[in-house]
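The values are calculated or read from the model by the stated rules, or taken from the named source; none is laboratory data. Everything quoted here is computed from the prediction, not taken from an experiment. With ideal geometry, Cβ positions are generated from the backbone for all residues, glycine too; neighbour counts draw on all protein chains shown.
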Amino acid sequence: MTGRVFEIREFTLQDGPGPRTTVFLQGCPLRCAWCHNPEGQEFGGGREMTDLEVADEVIKTADFLVGSGGGVTFSGGEPLSQAGFVLAVIDRLRRAESHLTYAIETSGFASAEVYREVVAKMDLVLQDVKFPDLEGYRRWTGVDASSIFGNIAWLKDSGVPFVARIPCIPGVNDTREAKDGVARLLAGAPNLLKVELLPYNRLAGAKYAKLGRSYSPGFDGNRVPDLSPVKIVPSPN
Amino acid sequence: MLGGVTRDGKCAFNDLSRLCLKACGELKLVDPKINLRVDKSTPLSIFELGTELTKEGLGFPQYANDDVVIPALTRWGYALEDARDYSVAACWEFLIPGCGMDINNIDAVNFVGCLDTALRIVAQRRGDAELSFDDVKAEFFAEIRRRADAIVEKYRHVEILPGPFVSAISTGCVANARDLCKGGRYNNFGIHGTGIAVAVDSLASVRELVFEKQLVTLSELVTLLDTDFAGRPDLLAAAKAAPKMGNADSRADDLAKELVDVWGHAFDGKKNDRGGVFRPGTGSAMYYVWHAREVPASADGRLKGLPFSANYAPSLDVPVKGPVSVVKSFTEPDLVPVSNGGPLTIEIHDSAFLEPDGVTKVAQLVKYFIDRGGHQMQINTINRETLLDAQAHPERHRHLIVRVWGWSGYFIELDKCFQDQIIKRVELKG
Ligand code: SF4
């Protein structure tokens, strides 16, 4: 089986427990106005690889990953858009090395079946939460996020540990109102490990020109986003 | 030098070692440079203490692996108790303080030059019979041995100026009424080897281009080396795309194993006129700059005039997958016979330390190197943008410290050629 891979990066330190190797999968159905990785959005781009090639690449340094309590993280683009490929890679890795841990970084944009099948295989989910409502997603990422909210609701009850990642975009979703909304959305999840507020990358626009695209995000990228913490209501026992 | 073992082999890392590491982190000075002796049994927490200094961007500690260095020294004839007492000369060459007249850095062999000579010899011989890659390899290794022999001859008679003060504080000199210049307990000569990675990459490229894919004949390749691949951008691209050391790719790493093995035994049985032995190593000192000027372009696609990497590190123009693959590749060879001193150098982008557990993760990388039988390692934290800004506005970066090779220094005080080399190193690993 083949998939399209944007990059395999080793020694990634912010993608889960321990040092990890991150497999960035090519292609994303969303079009976030602030995406700093536009060359990863197109499904036709990247490099075609077989599940075996990806697994072999990871296995070369698996002794280090296992010895350090690390593992493999699937990111993107949107890794769930190539769910079958991700599962095939995991399958190969499991057969070669039983002690790797698996994580996925996802927008959550996938059918419920796909989301559940993949997440069930994970030791950790890095779940993007960009907005508390459909309107925010529709306006700024161009998709109908019903599936995202359904999947997040399921994740909260799934028992799979997860980290919520909120990209804080100045004037877009860094308002108190938006953050309170996200906090309400996440409240009551016993498996929520932490919430990470990721500041907008001011260099995000740099790559668009190279791709012959213009970058007009519709917000003031020079403003510093409000990174004040999100208050999550503790889970009712 | 901190950590390590006592003369009777007990762990010597103590509270004072810990305090020294902490104090260095607080002072943030270039000197004294800290070397930390570790081994397989060293707990991760000690690597973490060391990594706290790396995080500060001090360019040290440099790590030395007792599991490799002590057997290396005893193999060269050092008494076990003395070997356990080892320290480093100014940069990285291992020595025993107080009882040696070792000259750790007397000369060096240019591996890239050896391969260049070998390719020309083999290409000349063309027509004799069908050439094989093994012919190239055999000639290359023979050339390394020839140059090693030449060094043995060259230093038959070494006269050293008397050093009454050093003699007074060195073991045995006073008792024997003999100045150190006439020889001490150990009288060995250390020999550096430059351009290991460039030579390995070039060898891998010769195998792929000439013998496997047959894109070019050997004599055509030699001509291309003399003309900087003029008119053949396709072959230059193919050379650059051939396997490279540092990517956990056995097609290059197996050749590195062979080369290091040949180098490690090139001086076996040879003695200098003081009865000492020759200690081959993976260090380069300044030779990596001089030696790079002596050779034309190399088969890995390195054009004339471009430098080698310093010490034991991937070639400068090689995109490597990352530090884990680098460690893996560079610990494939048996490093005991080449432990004169000469570290693997790794650059880590300072974003590695954004999260608090970054220190643990980087410490795990160092431990991985030690556990896999690495001999010596220095790991630097660096940010390319900062370096470029420091070149443009030195006044803003008076305290920026970088590791150059054996030593750290203030970036803005360095010669431009060293500044550029460091920036180049970072571009590739960033
Ligand atoms: S989900 Fe990520 S990759 Fe996809 S468009 Fe948004 S920011 Fe870019």
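So in the stretch B:329-342, with the set limited to residues that are surrounded by 23 or more Cβ atoms within 10 Å (Cβ to Cβ) and either within 12 Å of another protein chain (Cβ to nearest Cβ) or at pLDDT below 95 (or both), which one is farthest from B:Gly190 (Cα to Cα)?
This residue is B:Ser329.
Each row is one residue, and each column tells you yes or no for (1) within 16 Å of the ligand (Cβ to nearest atom); (2) away from chain B (no Cβ under 14 Å); (3) under 26 Å from B:Asp371 (Cβ atoms).
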{"site": "A:Leu52", "(1), (2), (3)": "no, yes, no"}
{"site": "A:Asp56", "(1), (2), (3)": "no, no, yes"}
{"site": "A:Ala62", "(1), (2), (3)": "no, no, yes"}
{"site": "A:Val66", "(1), (2), (3)": "no, no, yes"}
{"site": "A:Gln82", "(1), (2), (3)": "yes, yes, no"}
{"site": "A:Val89", "(1), (2), (3)": "no, yes, no"}
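In the stretch A:16-46, which residues are within 14 Å of chain B (Cβ to nearest Cβ) and either within 9 Å of the ligand (Cβ to nearest atom) or not hydrophobic (A, V, I, L, M, F, W, C) (or both)?
Within the stretch A:16-46, A:Gly16, A:Pro17, A:Gly18, A:Pro19, A:Arg20, A:Thr21, A:Thr22 meet the criteria.
Conditions tested, residue by residue: (1) in contact (Cβ under 8 Å) with a residue 24 or more places away in the chain; (2) of a type in the set (Asp, Glu); (3) touching a Pro at 6+ places or on another chain (Cβ under 8 Å); (4) assigned to a strand (DSSP E or B).
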site	(1), (2), (3), (4)
A:Ser75	yes, no, no, yes
A:Arg95	no, no, no, no
A:Ser98	no, no, no, no
A:Val125	yes, no, yes, yes
A:Glu135	no, yes, no, no
A:Asp144	no, yes, no, no
A:Trp154	yes, no, no, no
A:Gly181	yes, no, yes, no
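Give just the number: which of (1) away from chain B (no Cβ under 14 Å); (2) under 22 Å from A:Pro19 (Cα atoms); (3) within 16 Å of the ligand (Cβ to nearest atom) does A:Val160 not satisfy?
(3)
Please enumerate the residues belonging to the stretch B:302-324 that are within 14 Å of chain A (Cβ to nearest Cβ) and surrounded by fewer than 24 Cβ atoms within 10 Å (Cβ to Cβ).
B:Pro319, B:Val320, B:Lys321, B:Gly322
Being farther than 19 Å from B:Val359 by Cα and modelled with pLDDT of 95 or more is true for just one of B:Phe13, B:Phe47. Which residue is that?
Unique residue meeting the criteria: B:Phe13.
Could you pull out every one of the helices (runs of 4 or more DSSP H) wholly within the stretch B:124-230 that has 2 or more residues that are surrounded by 14 or more Cβ atoms within 10 Å (Cβ to Cβ)?
B:133-154, B:164-168, B:196-206, B:218-226
Could you please tell me which pairs satisfy a Cβ distance under 9 Å, a separation of 6+ or placement on different chains, a first residue in the stretch B:128-157 that is in contact (Cβ under 8 Å) with a residue 40 or more places away in the chain, and a second residue that is loosely packed, with under 13 Cβ neighbours inside 10 Å and not in a helix (DSSP H, G or I)?
B:Tyr155/B:Asp273; B:Arg156/B:Asp273; B:His157/B:Asp273
Residues of the stretch A:190-222 being free of Cβ contacts under 8 Å to residues at least 40 places away in the same chain and acidic (Asp, Glu), which ones?
A:Glu196
What number of residues in the stretch B:240-261 are farther than 16 Å from B:Gly322 by Cα and of a type in the set (Asp, Glu)?
3
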